[in-house]
Amino acid sequence: MTHAHRNRLDRRTVLKGAAASTVGLLAVPMVARSENKAIKIGMSTILSGRVAQLGTSSRNALMMEVEKINAAGGLAGRQIEMVIRDSKGQPQEAARLSRELINSDGCEILIDAEASSGAFAVHEVARDLGMLTLHTNSETSSLSADPKLHLPNVFRACRQGVHDSIVGGSYAAKVAKAKNLTKWMTTSPDYAYGRDTTAEYVSYVKYFNPEVEIVGEAWPKLFQPDYTEVLTKILQTKPQALYSCLWGGDLTAFIDQGNIYALFQQTETFAVNMADYTALTAVKNLPKGIHSGDRYIKTFPNTPANAAWGDAYRAKYNEYPTNWSWQNAAVVHFLAEAAKKANSTDGAKLAEVLKGLTIESPFGTDGHLTLRAEDQTLVGYAIGWGTTIPTEPYVTDMTAGDWKQIYELEAEWKKKKNYT
Amino acid sequence: MDFATLATCLSSPACLVTQATGGLIIGMLLFLVAAGLTLIFGVLKVVNFAHGSFYMLGAYFALTIFQLTGSYTLTILGAGMATAMVGLVFERLFISRVYGQNVLMQLLVCYGFVLIFDDAVKIVWGPEFKSMGMPATFQVPPLFIAGGVVPPFYLFVVGIAFVIGLALWLLIDRTRLGKTIRAAAYNPNMVAALGINTGYLYGFVFALGGLLAGFAGALAAPVRSLTPGMGFSVLIESFIVTVIGGMGSIAGAFVAALAIGLIRAFGSLGFPLFTDGLMYLFMVLVLIARPTGLFGKEIA
Amino acid sequence: MTRRSLAFDLLVGAAALAILALMPIVWPSKALVDFVIRGSAFALFATSLNFLVGYGGMVSFGHGMFFGLGAYSFALLMQRTGMPIPAAFALTLLMCAALGLIVGAICVRLKEIYFAFLTLAFQMLLYSLIILWVPLTGGDQGLRGGIPRPPFLGVNLANQMHLYLMSCALLVVGLILMHHLVQSPFGYTLRMIRDNATRANFLGIAVFRVRLTAFVLAGVFAGAGGVIMSLFVSGAYPEFAYWTISGEGIFIIMLGGWNSFLGPVVGTVILLVLNDFVTRFTEYYGLTLGIIILLFALGLRRGLLDVVLDAWRRQVTLAGVGAKPSGVSNAPL
């Protein structure tokens, strides 16, 4: 206690100082202060574990765009300060983190860059706490299609399964007609994404080309390292065409293993998730002619803006952008545009503006992206299919999906699922 | 359930050959990993929870060595030796401190290393999945045996794995060193009293386990997607194999691994949605019938 | 060895509950509230596991099956039926007991590592079932859409503070009950079996029945933990039934100590603090956690509370003071 006299920073001084600064703070007009105060935006994603690339590529793209926006003045004059956390892919962690970001870390907006189950967990937090929440990576259609999950403060700013399936089905049906491919087999990972996507794709191929018949199915486990039993089953069944929504490391392992069985010489293969740089560059012996759905390719849409963005990402991070990258970049653009229109960063006001908002974007099929008003989900993004070649640009002959067709069939799908 | 497909297959020689060789390849790779695991448990009474990480390291070492040398032979040997070294260091510096302790403590040490190895691999090689690519020698069309499809690479792997397994068995069963190892498993104090340095012996056994797992990793690398954490799935399966075969029995591991391989191969035809479940079910049944596994002995 | 009376435990429990109830008022922090809720779930789970491991000598690798079943049963009952929360809770505990009975009857006969593996196998079977039965459980996406929380007896669990208080109450009551079991003749019999099953057998104790009962009881308390977790996330996810939950339970016991009753509670706090703070500073959570595990396993070689209590007892004995510190079981188990 005798030390207290040594320096003047004793309790009394501190309290006096605190009082003085509080008075000083109160003296400044509140409006001016909030304009200059940074806006904290929270982001919950997966930065470790098997799917770490999801989080790292999301974060990289997001930060690249946030820096641009901040340089141009920020959101309605407020500089964006990102608070990014790692849920390690556990839904209960995602729930906890999103609560903490809003309740304790002072974030006003939440960007949910979790995968499916994490996104649903965060969705419940958004229901409870009511902050503006944007899902940027979950592709499960029910997240926005199911009216039970509708929340005015939540948007899905990324692609979704049913859109991809409609385009994929339509493309495959055309190829099937041209090459007379009637016997098909499916090989997809055994979890919700794999099952739902495959089922929808099959229904749409058959819708466009009723002669297509599924003669066999294989359901390897997600992250299963060994596809031997799947490959031998395919060889037994001898289909003319093969569909797969395997992705990432699973897809490359499947292709590597399929190669030694000479699978791709005998079977026309349709891989939803092939046109993704990480997958394309990882496979050392990429077979020619695999029909690939795009995740992100800088040559599709074939515009200078898109190519420039892809190159900029590559230059900055020394890695290729992924599907998750463009989605998170797009969300920043949406927020920036909404803040400009609303001239505010208030969550409720932004949500009002975001509903039905259309922005210019290099990722849009016709240069635009829209957050559809009726179900607050992203539409207009570039979806396409092409065939692989072993060298850059890796995929050629990209044909884009027709959004008019997508809207029609999506409406029917919703009716069938009792979502309307 | 799809008994129709299964029945058709069992009556068709082409299908039998294809599926059986598929099961063989699954089984043999599993055997290599499980053999090291069961050896370590049999002799050292340590459940090496980090064994899957040895496999992962073997695969990554193979990736780098192949990128540097382009020779698959060097790759296999190099990856094996490197992983053996890791196993040796791991045992001498860490596992040796928890001998005779609560099995949970041993598990904890191993688990700590699994986490460390996973992140170490992520730091050195990066978090994205990697592919080694097939060595040029094996970039050939598959063989047709009795109508069944057999890739030459898989024949090679099965052959090498079989040779390694045989060599292992000869080592343990026919050599003096093997006798010492078996003796140490039976009565370590006596072996020590006879003047044999049990420390070196234990280190050797762990190194041997690492060697086997490293070989497995290198043999699997051309057809696997390398990613930090790839050890886990192998770990679970090799544990199931060692438990079913009997902890400490290499013959048991061999039989169990083949059984699992064939169950997977034929099971995926008859039970496409429950293939994993079949494996667990098999394990449950074996354990209920013979709690110490097929060839296992009672733990002293 | 002194037997603590139930009344004393109740007093301590009431005091603990009072402190927990006052904490958010003294230290208003929503993160703290969430921390305690999650902590209650895991502490119940880990303490129930230690009931088996520390007091029963039965190392189960599949204990997470009860946590998962607890979460799913409760969430499903609330989503599908209109039943009041207390009824759903009771029914959930009953289901966990039933699972414990079936699985325990098969597993409890086995020794050591085989018991561990078989319980794990059963847990993974349950997990496979959850993943497979999509129409009921939602498959790998889990139960979505939230859990309805009809208010009961003036308690509205949609209010985070009510959930907080209820979790604390469940934790305290659960701990008191488990402590009572541990200190009861049943608990002593269990420990006798742990120390020497053959001898217990010769003394005429029905070893199988005691072990089975312990297994079932542990399962029930673990299920209660699962219920708290499902309320926290407003749903249920397959991760709750995956072997990693069992691993976390073992890990918590190792961190906190398996020789003291409150060891798992201490371990839960350590694990959650590590979990919550490490990821703020580094992407290499695994590396950090691995190093910390090694420090515990190779350095301390015991859980934290065990270390602390051992040091305290040594000091007490050295000082020659006879008075036993209150609230601490001094049985060197």
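Across region C:119-126, not a single residue is classified as surrounded by 14 or more Cβ atoms within 10 Å (Cβ to Cβ), out of contact with any Gly (no Cβ under 8 Å at 6 or more places or on another chain) and without any contact (Cβ under 8 Å) to a residue 60 or more places away in the chain.
For region B:6-62, residues that are free of Cβ contacts under 8 Å to residues at least 40 places away in the same chain, among the hydroxyl-bearing types (Ser, Thr, Tyr) and assigned to a helix (DSSP H, G or I) total 1. Taken as a whole, the structure leaves B:LEU30 outside the set of residues that are over 17 Å from B:VAL223 (Cα atoms) and either out of contact with any Leu (no Cβ under 6 Å at 6 or more places or on another chain) or modelled with pLDDT under 80 (or both). Among the residues here, B:SER238 does not qualify as closer than 28 Å to B:CYS15 by Cα, touching a strand residue (DSSP E or B) at 6+ places or on another chain (Cβ under 8 Å) and modelled with pLDDT of 85 or more.
Condition check: free of Cβ contacts under 8 Å to residues at least 12 places away in the same chain and either among the small types (Gly, Ala, Ser) or under 26 Å from B:SER268 (Cα atoms) (or both). Does A:ALA173 satisfy that? For A:ALA173, the condition - free of Cβ contacts under 8 Å to residues at least 12 places away in the same chain and either among the small types (Gly, Ala, Ser) or under 26 Å from B:SER268 (Cα atoms) (or both) - is not met.
Could you check how many residues of region B:121-158 are of a type in the set (Gly, Ala, Ser), within 7 Å of another protein chain (Cβ to nearest Cβ) and either assigned to a loop (DSSP other than H, G, I, E, B) or surrounded by fewer than 21 Cβ atoms within 10 Å (Cβ to Cβ) (or both)? Residues that pass the stated criteria total 1.
All conditions in (1) open to solvent by less than 10 Å² (accessible area, probe 1.4 Å); (2) more than 8 Å from every other protein chain (Cβ to nearest Cβ) hold for A:GLU81, with the sole exception of (1). Looking only at region A:233-243, residues that are in contact (Cβ under 8 Å) with a residue 24 or more places away in the chain and either out of contact with any strand residue (DSSP E or B) (no Cβ under 7 Å at 6 or more places or on another chain) or part of a strand (DSSP E or B) (or both) come to 4 in all.
Quick grid of which residues meet (1) in contact (Cβ under 8 Å) with a residue 40 or more places away in the chain; (2) of a type in the set (Ser, Thr, Tyr):
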residue	(1), (2)
C:LEU165	yes, no
C:LEU177	yes, no
C:LEU181	yes, no
C:ASP195	yes, no
C:THR198	no, yes
C:ASN201	no, no
C:ILE205	no, no
C:ALA218	yes, no
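Please go through region A:207-220 and give me each residue that is in contact (Cβ under 8 Å) with a residue 12 or more places away in the chain and open to solvent by 60 Å² or more (accessible area, probe 1.4 Å), ordered by number. Of everything in region A:207-220, those that are in contact (Cβ under 8 Å) with a residue 12 or more places away in the chain and open to solvent by 60 Å² or more (accessible area, probe 1.4 Å) turn out to be A:TYR207, A:GLU211, A:GLU213, A:GLU217. Please work out if A:ALA113 is of a type outside the set (Lys, Arg), under 30 Å from A:LYS416 (Cα atoms) and touching a strand residue (DSSP E or B) at 6+ places or on another chain (Cβ under 9 Å). Judged against the criteria, A:ALA113 is a match.
Of the helices (runs of 4 or more DSSP H) lying entirely inside region C:222-299, the ones with 1 or more residues being more than 9 Å from every other protein chain (Cβ to nearest Cβ) and free of Cβ contacts under 8 Å to residues at least 12 places away in the same chain are found at C:263-281.
When B:THR83, B:THR69 are checked against the criterion of being out of contact with any Leu (no Cβ under 8 Å at 6 or more places or on another chain) and hydroxyl-bearing (Ser, Thr, Tyr), a single residue qualifies: B:THR69. Which of the residues that make up region B:94-108 are modelled with pLDDT of 80 or more, surrounded by fewer than 18 Cβ atoms within 10 Å (Cβ to Cβ) and closer than 11 Å to B:LYS45 by Cβ? Once the filter is applied, which keeps residues that are modelled with pLDDT of 80 or more, surrounded by fewer than 18 Cβ atoms within 10 Å (Cβ to Cβ) and closer than 11 Å to B:LYS45 by Cβ, region B:94-108 yields only B:TYR99.
Inspect all residues belonging to region C:154-166 and state whether any of them is assigned to a helix (DSSP H, G or I), on the phi > 0 side of the Ramachandran plot and either touching a helix residue (DSSP H, G or I) at 6+ places or on another chain (Cβ under 6 Å) or modelled with pLDDT under 95 (or both). For region C:154-166, residues assigned to a helix (DSSP H, G or I), on the phi > 0 side of the Ramachandran plot and either touching a helix residue (DSSP H, G or I) at 6+ places or on another chain (Cβ under 6 Å) or modelled with pLDDT under 95 (or both): absent.
Among the numbered conditions (1) within 13 Å of chain C (Cβ to nearest Cβ); (2) buried (at least 20 other Cβ atoms within 10 Å of the Cβ), the only one that A:TYR204 does not meet is (1).
The values are calculated or read from the model by the stated rules, or taken from the named source; none is laboratory data. These numbers come from a predicted model, not from an experiment. Don't worry about glycine lacking a Cβ; one is built from the backbone with ideal geometry, like all the others, and counts go over all protein chains shown. These area figures cover heavy atoms from the full protein model, side chains too; ligands, DNA and RNA do not enter into them. Shrake-Rupley method; radii C 1.70, N 1.55, O 1.52, S 1.80 Å.
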